[in-house]
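To keep things clear, I will list the structure first and then write my remarks on it.
The values are calculated or read from the model by the stated rules, or taken from the named source; none is laboratory data. None of the values given here were measured: they were computed from a predicted structure. Cβ: placed from backbone, ideal geometry, glycine included. Neighbour counts: every protein chain shown.
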């Protein structure tokens with residue numbers, strides 16, 4: 001598993017310990033890959049930004065002129081969420097040519113919004129970033145929450161990833 005984490009935008013200096021946040025992101029990505037039993041080495045790019053940065057990306061990519069907490073940009077179109085079997089038969093060019101890693105996609109997290117939500121929900125920014133990463137990874141696996149049944153499934157899987165890794169609401 002390769003995870004590239006970048007800080008491309010000016011950040012709120014009040015956001016603590018970026019190295020710890022990066023470690024949590026990697027840990028949650030690993031947990032999400034375990035949950036869906038991904039049979040490949042993978043590549044995910046994660047960008048930490050602020051509200052202005054994520055608003056710009058949201059406007060450019062989704063034509064929504066508003067900040068949000070997290071954006072997910074999957075590289076694959078799944079027939080069934082979390083099922084990678086189509087890669088063997090569909091001739092999908094989804095692998096990085098040099099490393100052979102499966103390109104899952106990109107995640108963009110507003111640390112400014114994560115900090116605000118952590119305060120609002122009464123838990124740490126570390127737990128909030130873990131939650132946002134789990135949520136985004138499920139999108140990278142083809143899950144969505146547009147329908148009620150899909151939302152429930154996605155919430156259960158998020159909770160399972162976080163519980164397995166120990167990122168409960170009281171995580172400091």
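Whether any residue in the stretch 121-140 is modelled with pLDDT under 90 and either surrounded by 14 or more Cβ atoms within 10 Å (Cβ to Cβ) or under 22 Å from residue 58 (Cβ atoms) (or both) is what I want to check. Explain how you work it out, then say what you get.
The initial filter retains those residues of the stretch 121-140 that are modelled with pLDDT under 90, namely none.
Within the stretch 121-140, not a single residue is modelled with pLDDT under 90 and either surrounded by 14 or more Cβ atoms within 10 Å (Cβ to Cβ) or under 22 Å from residue 58 (Cβ atoms) (or both).
Filter the stretch 102-127 for residues that are in contact with a helix residue (DSSP H, G or I) (Cβ under 8 Å, 6 or more places away or on another chain) and without any contact (Cβ under 8 Å) to a residue 24 or more places away in the chain and give the result.
Quick first cut of the stretch 102-127, residues in contact with a helix residue (DSSP H, G or I) (Cβ under 8 Å, 6 or more places away or on another chain) only: 102, 104-105, 107-115, 117-118, 121, 124-127.
Once the filter is applied, which keeps residues that are in contact with a helix residue (DSSP H, G or I) (Cβ under 8 Å, 6 or more places away or on another chain) and without any contact (Cβ under 8 Å) to a residue 24 or more places away in the chain, the stretch 102-127 yields only 118.
Here the condition is being within 22 Å of residue 48 (Cα to Cα) and modelled with pLDDT of 90 or more; of 152, 107, it holds for 107 alone. Let me spell it out: the conditions are (1) part of a loop (DSSP other than H, G, I, E, B); (2) over 16 Å from the mean Cα position of the chain (by Cα), and residue 143 meets all of them except one. Which number is the exception? It fails just one condition, (2). Among residues of the stretch 61-77 that are surrounded by 12 or more Cβ atoms within 10 Å (Cβ to Cβ), those with a Cβ under 8 angstrom from a residue that is part of a loop (DSSP other than H, G, I, E, B), sequence gap 6+ or separate chain, pair up as 74/141; 74/142; 75/94; 76/92; 76/94; 76/142. Taking into account only those residues within the stretch 34-44 that are within 13 Å of residue 134 (Cβ to Cβ) and in contact with a helix residue (DSSP H, G or I) (Cβ under 8 Å, 6 or more places away or on another chain), which is surrounded by the most Cβ atoms within 10 Å (Cβ to Cβ)? That would be 44.
So which residues in the stretch 146-172 are outside any helix (DSSP H, G or I) and within 16 Å of the chain's Cα centre (by Cα), if there are any at all? Don't jump to the end; show me each part of the working.
Of the stretch 146-172, the ones outside any helix (DSSP H, G or I) are 146-147, 166-172.
167, the sole residue that qualifies.
Residues being more than 14 Å from the chain's Cα centre (by Cα), at pLDDT below 95, under 23 Å from residue 150 (Cβ atoms) and not in a loop (DSSP other than H, G, I, E, B) are entirely absent from the stretch 63-85.
For first residues located in the stretch 148-172 and closer than 17 Å to residue 126 by Cβ, partners that are exposed (fewer than 13 other Cβ atoms within 10 Å of the Cβ) and at pLDDT below 95 and lie 6+ apart or on another chain with Cβ distances below 8 Å form the pairs 162/168; 169/121; 169/122.
Which residue out of 53, 31 is crowded, with 20+ Cβ neighbours inside 10 Å, in contact (Cβ under 8 Å) with a residue 12 or more places away in the chain, assigned to a helix (DSSP H, G or I) and out of contact with any strand residue (DSSP E or B) (no Cβ under 8 Å at 6 or more places or on another chain)? Even if it seems obvious, please write down each step before you answer.
Details: 53 fails: out of contact with any strand residue (DSSP E or B) (no Cβ under 8 Å at 6 or more places or on another chain).
Going through 53, 31 in turn, the sole match is 31.
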